[in-house]
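J.: Following this message is one structure expressed as structure tokens.
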Amino acid sequence: QELMDIDTKPKPSQPPWYEHHVQPCMAELLGSALFIFIGCLSVVEDSGGTGRLQPALAHGLALGITVAILGDI
């Protein structure tokens, strides 16, 4: 009787191979592409008075958006 009362914990299931290998790689690829693309576009059209502020803000906003969207992966 006592042996039947022991609680057995089920093994935690392993995440699928896609979530373990492919999803982080795709998130890294998408995040890097977004960061580089927006950063390069911010420098293409150089307005007269922006100086270094425009590329810095564009990179910062791109990084913030990328972390907000893909951060949980």
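J.: Got a number for residues in the stretch 16-39 being part of a helix (DSSP H, G or I), modelled with pLDDT under 85 and open to solvent by less than 80 Å² (accessible area, probe 1.4 Å)?
T.: Going through the stretch 16-39 one residue at a time, the tally reaches 3.
J.: Which pairs do you get when a residue that is of a type in the set (Gly, Ala, Ser), found in the stretch 26-38, comes within reach of a residue that is open to solvent by less than 60 Å² (accessible area, probe 1.4 Å), reach meaning Cβ atoms under 7 angstrom, with the pair 6+ apart or on two chains?
T.: What qualifies is ALA27/LEU70; GLY31/THR66; GLY31/LEU70.
The values are calculated or read from the model by the stated rules, or taken from the named source; none is laboratory data. Note that the structure is a prediction, hence the values are computed from the model and not measured. Every residue, glycine as well, gets a Cβ built from its backbone with ideal geometry; the counts of neighbours run over all protein chains shown. For accessibility, only protein heavy atoms count, side chains too; no ligands or nucleic acids. Shrake-Rupley method; radii C 1.70, N 1.55, O 1.52, S 1.80 Å.
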